[in-house]
1. Cα-based Rg of region A:144-229 per 2.2 N^0.38 Å, rounded to two decimals?
2. Suppose we take every Cα in region B:158-240 and form the convex hull; what volume per residue is that in Å³?
3. HN-Hα J couplings of region A:98-110 from phi, Karplus 6.51/-1.76/1.60, θ = phi - 60°, integer Hz, Gly and Pro as x?
4. HN-Hα J couplings of region B:176-183 from phi, Karplus 6.51/-1.76/1.60, θ = phi - 60°, integer Hz, Gly and Pro as x?
5. With bins 10 Å wide starting at 0, give me the P(r) of region B:1-117 over every alpha carbon pair, in whole percents.
6. Would you calculate, for the protein assembly as shown, the mean residue ellipticity at 222 nm contributed by helices, counting each DSSP H stretch of 4 or more residues as -39,500 (n - 2.57) and dividing by all residues, to the nearest 500?
7. List the extent of the Cα atoms of region B:124-169 along each of their three principal axes, largest first, rounded to whole Å.
8. Return the loop-located trypsin sites (Lys or Arg not before Pro) in region B:93-147 (DSSP other than H, G, I, E, B) with at most 13 other Cβ atoms within 10 Å of their own Cβ; answer none if there are none.
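Derivation of every value follows stated rules applied to the coordinates shown; laboratory data play no part. None of these values were measured; they are calculated from a predicted model. All Cβ positions, glycine included, derive from the backbone under ideal geometry; neighbour counts span all protein chains shown.
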Amino acid sequence: MNVSRTLATAGRVLTQIRHDPRTVVLLLIVPSLLIGLVAWIFSDTAVFETVGPAMIALFPFIVMFLVTSITTLRERRTGTLERLLSMPLGRGDLILGYTLAFGLLAVLQSSIAVLFAVTVCGLSIAGSIWLLVAVAVADAVLGTTLGLLASAFARTEFQVVQFMPLLVFPQILLGGIFLPRDQLPAVLQAIGDALPLSHAIDALTAVATGSHDDAYVVGELLVILAWIAGAVVLASLTLRRRTP
Amino acid sequence: MEHFVEPAVSVSDLHARRGSRKVLDALSLTIPAGLVVGLIGPSGSGKTTLMRAIVGVQVVQSGSVSVFGQPAGSASLRRRVGYVTQEASVYDDLTVRQNLDYFRAVLGAGRADVGRVLEATDLGPNAGQLTGSLSGGQRSRVSLAVALLGSPELLVLDEPTVGLDPVLRRDLWALFHRLAAGGTSLLVSSHVMDEAARCDRLLLMRGGEVLADDTPDGLLAATGTTDIEAAFLTLIEERE
């Protein structure tokens, strides 16, 4: 592990993205547009007050998962990953560099999404808005790190795109958006309770509705951070310097 | 004297596969230090697999590869070996200078190194251009420039001159010899036989085996031919 190599990698990834302004715009506004669409769909009902916080968890998570997994897969396919691993770059330097770069984008993206949900869509927040932003950012970073991990197991673009439904959709289905988790069959409830996106949805809902105190939210936030750390470690370990 | 100098690379009884295909089968060879050694052979002869094994990115089944006396791929070698793959391994969405700046930071080389390698590869005028907008030949020179960063002691170059115009090709070979004169060891692969004559030593490969390991002149004398292509054919016929 080396701080300057990690920072150089993060800077390089951000410079790459800066050269692609359309990606930057899509990354920053697509989650907000989708949240706006959901708010519009439920405009004559009170449903958005219930599902709005979950949408703040959902869309940035999915977008960051996809963008990160495809970016790192591209690095593998163009041979730059092999070149980097033949150089004195630690595997953790690379994964952390990516996490930092996309984490910074996640801060911007999630802040915009929260701001949009509150000011434009009229989502009311009972708790601290800063805590809401913190959970939303952690959730987007979680999408990034799971994307990094997924790309380690994908050899082609087709494979990596299919990891999305495989790793992300079950988390959405079991996260309590469609049916509260306590009404799920026991096995599914147990699985749902353990999945990281559920913790993000719970925490965001708790802040928005004021149903739990801040200590509960911070606890959930710590669970998400533990998942992030676990995914970073696993993603580093699955990088191989030698390939067949 | 040459026998007393530690070789840059020694390979012994190396077995390696790409996918299910056996590419290297009990390959043994040594690559002397401080010379431009040409690895010549048709595509599919195992050149790239051998180079990957020397750089330490190839999974090998058995055998040993050592570079400057250490096992290939050792952490301490990662600064001492520069590698250029056939496909230009650079970031298309960065400028030439941004590519070099990043790899320089990874290698921990000095800032002045970027200017040096830009000049050596004649890329100065393109430094501010996006790498993806360059021609194929220019992109492969960016890849070569990256490998020159930090002045590695061994350069492993997989077909670095493919698609380059003759003037540029001549300039690059001149650069390789300047580097060798400064003590760098170079292993340069090519499937173009006329490039072989520009090397100090040749390794002719076919079907994962080394057919000859000699100087260009020694090879011509041994086979009684006047060009490398004819020498190659003679060696193949002798085997069959």
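1. Numbers: Rg = 14.5 Å, N = 86, 2.2 N^0.38 = 12.0 Å.
Working it through for region A:144-229, the quotient is 1.21.
2. On the way: hull volume 8.3 nm³, N = 83.
Measuring per residue, one finds 101 Å³ for the Cα hull of region B:158-240.
3. Result, ordered by residue: 4, 4, 5, 4, 6, x, 5, 5, 5, 4, 5, 4, 5 Hz.
4. For region B:176-183, the Karplus curve yields 4, 6, 4, 4, 5, 4, x, x Hz.
5. The percentages, shortest bin first, are 12, 36, 33, 18, 2.
6. On the way: 18 runs with 262 residues, N = 484.
That comes out to -17500 deg cm²/dmol.
7. Dimensions of region B:124-169 along the principal axes of its Cα atoms: 30, 24, 17 Å.
8. On the way: sites: B:R97, B:R104, B:R111, B:R116, B:R139, B:R141; in loops: B:R111.
Hits after loop and neighbour filter: B:R111.
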